[in-house]
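Have a look at the structure below, then the notes.
Readers should treat all values here as calculations from the given coordinates under stated rules, not as data from a laboratory. None of the values given here were measured: they were computed from a predicted structure. Because the Cβ atoms are built from the backbone with ideal geometry, glycine has one as well, and the counts that use them run over all protein chains shown.
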Amino acid sequence: MLLSILASIALFIIDSRSDYFFPFHSVLSTIVYPIQASASMPNDIASWMKGYFRDRKQLQEKNAVLEITNLLNHVRIQKMKALERENVSLRELLGSSFYLHERVLVAELLAIDLDPFSQQVIIDKGRRSGVFAGQPVLDATGVMGQVIEVTPFASRVILLVDPSHGIPVQLNRTGLRAVATGKGLAGILQLKHLPHNADVQKGDLLVTSGLGGLFPAGYPVGRIASIYLPQGEAFAEIIVNPAAKMDLSSEVLLVFPALRQQKTVKSYNLFR
């Protein structure tokens, strides 16, 4: 036993003081390495899998955050575009009002009548704002219709294209007077009771004539789109495209004729 201990000490001293046993160390290391590698493999695999799933989870969380951020940015961009369109629409609307000599009030569309046989809308101004039945309603490009029903905070507007609506007009080129009536869902107007020899041309501008006292003269109503002269009929069939954008306008102008200006409440004069 003592000899073994002394031999071990001697080998230890020789190994630490010289390179005599270096070849044996190299051989033993080569033999033992697979065993060491196999012994540490489960721990290495566990560490790798732990890091993999941790990195994957972090990546998934980052992707989720990026998706939410992207969605929010998309919503913000859409909202900005909507606000931009609204600002452009308001600028066009207010820009057109500079051509009017009457006092005007801006209103917003609240609802559209779902009845397929009528073309009517609801606006957010009523009796409290001075709105009255028969009041002309315009958008940035022309006449849209007129108020037919008033409540304290809202009003109903019948559009020019409603089949029951008619408006006195005249050709801007010749001064020829006529009546334009609506064609319902077709979204167009027609001129009635004009003979075949009437001086009417495709593209002629129609404006309000001022007759009847509801619509002041000179407001754009539409342009003649087609003229048909049926054989055996006394009158021509004339189709008119409205000047107003019936399906696109979300803000409108309520016009207060001169006789009504002193009765308005929340209107404003653009010519002060």
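Computed quantities for the displayed model
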item	result
Point-to-point label distance, Val65-Ser164, nm (Cα→Cβ direction, 7 Å offset)	6.1 nm
Computed FRET value (nearest 0.05) for Tyr228 with Thr151, which takes r as the C-beta separation and R₀ as 45 Å	0.60
Net charge of neighbours whose Cβ lies under 13 Å from the Cβ of Gly187, counting Lys and Arg as +1 and Asp and Glu as -1	0
